[in-house]
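Notes for the one structure printed next.
The values are calculated or read from the model by the stated rules, or taken from the named source; none is laboratory data. Everything numeric here is computed off the predicted structure, so don't read it as measured data. Note that each Cβ is placed from the backbone with ideal geometry, even for glycine, and that neighbours are counted across all protein chains shown. Only protein heavy atoms, including side chains, enter the accessible area calculation; ligands, DNA and RNA are left aside. Shrake-Rupley method; radii C 1.70, N 1.55, O 1.52, S 1.80 Å.
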Amino acid sequence: MKNFVILLYCVSLFVQTGAVILCLSAFRFLGKFRVAWFILATGFFLMIGRRVTSLVDVYSSDRYHSTDVVLSLLISIFLLVGIYSIRNVFRELENKNNELIKLNRFDFLTQALSRAEIFKQIEAEIERVERSRQPLSILELDIDHFKRVNDRYGHQVGDEILLSLTQCCQSKLRLNDQFGRIGGEEFLILLPDTDASQAFEAAERIRNYVAETPHCTQQGVTIHITISIGISTLKHELSGHGGRAELLPQLLNRADEAMYHAKKMGRNQSVIWSEALHLENIVDAGVPEQ
């Protein structure tokens, strides 16, 4: 009987050790609950010490209580199952949180950065310009006559073209460049440490590559597309003008003006925003110059 009691105590000790290991293995995804979880693991560790004491006591003498032995094993098993279940709940929550973060950061269709995320990246880069005193540029691009693709081949083919365009553009970017979708067939590219002439070279490289690439679809249709690109640049000496809150919409509006000017001039080209271009757009719109 004594050997059987020692065996049960050893099983309890093994189960409680497993519970401690489970507690420790869950630390990486517990977040703000780590302190509470650490206290729980410490409690289990103390239980192991108490169980070792009972085991030594039984081994050195014939004193033991059958009820204590059985309850010790049952409690250890229930606690292990409970810890395992709670750990799985936390892991599931972490996975769902990661999915939500991914959905917020990336566009569902193209896996480019989402509208909110690319704006966030540009805002962060604007702040960095004030410290690094280096320029930054953004490219706004739009697929020419994309509605014709959807009308002729259907939206499924249109979605495949958007994905193919994303892959084309990303293949021509540097590691620190950022590519995001801001809606429909419009995309933004953030080019850190890039002045207007360098941005134009990058835009032309992307534009030519897209125009030369046959975009194959699952329906066996091969489509050639072109894009129009507007370029806007922020220089460090202008980064403090008007405040940070105004710089992002200013950059976006200028890139948008340049892109639509490219479309007006015949599409499939890159245009750098300039004050002269802005004045021309005002005149074209019939707005009296201030």
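Taking the Cα centre of the stretch 174-226 as reference, the dipole from Cβ charges on Lys and Arg (+1) and Asp and Glu (-1) amounts to some 180 debye. Residue-wise HN-Hα couplings along the stretch 165-178, as the Karplus relation 6.51 cos²θ - 1.76 cosθ + 1.60 with θ = phi - 60° gives them from phi, are 4, 4, 5, 4, 5, 5, 5, 9, 9, 7, 5, 8, 6, 10 Hz; Gly and Pro carry x. In this structure the amide hydrogen of Thr226, modeled in the peptide plane, comes within under 5 Å of the amide hydrogens of Asp144, none closer than 5 places in sequence on its chain.
Surface listing: Cys10, Cys23, Cys216 arranged by accessible area from highest to lowest gives Cys216, Cys10, Cys23, probe 1.4 Å.
Taking θ as phi - 60° and the Karplus parameters 6.51, -1.76 and 1.60, the scalar couplings of the stretch 88-101 work out to 5, 5, 4, 5, 5, 4, 5, 4, 5, 4, 5, 5, 5, 4 Hz in sequence order, x denoting glycine and proline. For Ile182, nonlocal amide neighbours, meaning residues 5 or more places apart or on other chains whose placed amide H falls under 5 Å from its own, are Phe187, Leu188.
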